[in-house]
Amino acid sequence: MTPIIRVLILLCVIHGNPVIANDKPQEDLTKIEADLKENSDDPMLHYRKCQALFASGKEQEAIDYSSVALKKFKESKDDLAWMLLGSIATDDYKIDVHYNMGDRERADKKEGIVRPLSFRVWTKANEPKLVRILDFELAYFEGELISAAIGEKVEDGNANLGIVDPKSNFNAIKKRVLEIVRK
């Protein structure tokens, strides 16, 4: 391998170029949408569109579009448990944002605690460690949304870390999660 190629590969890896690091959620949205026109039933294309929206700074659109991807996964009988939409960086942590697609999130009539979003908080060390998982939790009673909170599973149950408006947009949820992480 020539020195020039080594330098180019190194630069691509350092800067997260999707040509080399194709597993990054920085797909070209235009290409994905063109692919969707040809194969609109492919749940993975819808998943990649969510990631591309998130990576391009359209976080709320990614969250909103995730319900379309969830529907496609249900239709294809693919029981993928969650989609990694993207990450949020702080000085000390990398926070992966997951759109959950478990049984409660897939249910036509919601009941009990539903966790549509999870925030997995990782250290930024050379060997990152998962330090906590925070969830945006929606509480349903007889199919009706009654409350929402940011919660965290703990040994003996669940810790409520603060009530939020059930109709909160992603920016408000993210702001609350970042406040909790900084404490």
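The values are calculated or read from the model by the stated rules, or taken from the named source; none is laboratory data. What you see is a predicted model; the values in this text were computed from it and never measured. All Cβ positions, even for glycine, are placed from backbone atoms using ideal geometry, and neighbour counts span all protein chains on display.
Do you know which residues across region 111-164 are touching a helix residue (DSSP H, G or I) at 6+ places or on another chain (Cβ under 7 Å) and either among the polar types (S, T, N, Q) or over 15 Å from H98 (Cβ atoms) (or both)?
Once the filter is applied, which keeps residues that are touching a helix residue (DSSP H, G or I) at 6+ places or on another chain (Cβ under 7 Å) and either among the polar types (S, T, N, Q) or over 15 Å from H98 (Cβ atoms) (or both), region 111-164 yields G112, L161, G162, V164.
Rundown of residues vs (1) in contact (Cβ under 8 Å) with a residue 60 or more places away in the chain; (2) out of contact with any Leu (no Cβ under 9 Å at 6 or more places or on another chain), yes/no style:
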residue	(1), (2)
M83	no, no
D96	no, no
E142	no, yes
A159	no, yes
N169	yes, yes
V181	yes, no
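Quick one: which residue in V7, V13 is closer than 30 Å to R182 by Cα, assigned to a helix (DSSP H, G or I) and at pLDDT below 95? Working first, answer last.
Working: V7 fails: closer than 30 Å to R182 by Cα.
Only one candidate passes the filter, namely V13.
Considering only region 107-127, how many residues are at pLDDT below 95 and under 18 Å from the mean Cα position of the chain (by Cα)?
Result for region 107-127: 0.
In region 141-177, which residues are within 21 Å of K110 (Cα to Cα) and polar (S, T, N, Q)?
Across region 141-177, the qualifying residues are S147, N158, N160, S168, N169.
Among the strands (runs of 3 or more DSSP E) confined wholly to region 121-176, which include 2 or more residues that are small (G, A, S)?
It comes to 144-154, 157-164.
What are the residues in region 117-133 that are in contact with a Phe, Trp or Tyr (Cβ under 6 Å, 6 or more places away or on another chain) and within 25 Å of H46 (Cβ to Cβ), if any?
Listed by number, the list holds a single entry, L117.
Pull up region 142-183, narrow it to residues that are surrounded by 11 or more Cβ atoms within 10 Å (Cβ to Cβ) and basic (K, R), then point me to the one that is farthest from the chain's Cα centre (by Cα).
Ranking the candidates gives K153 first.
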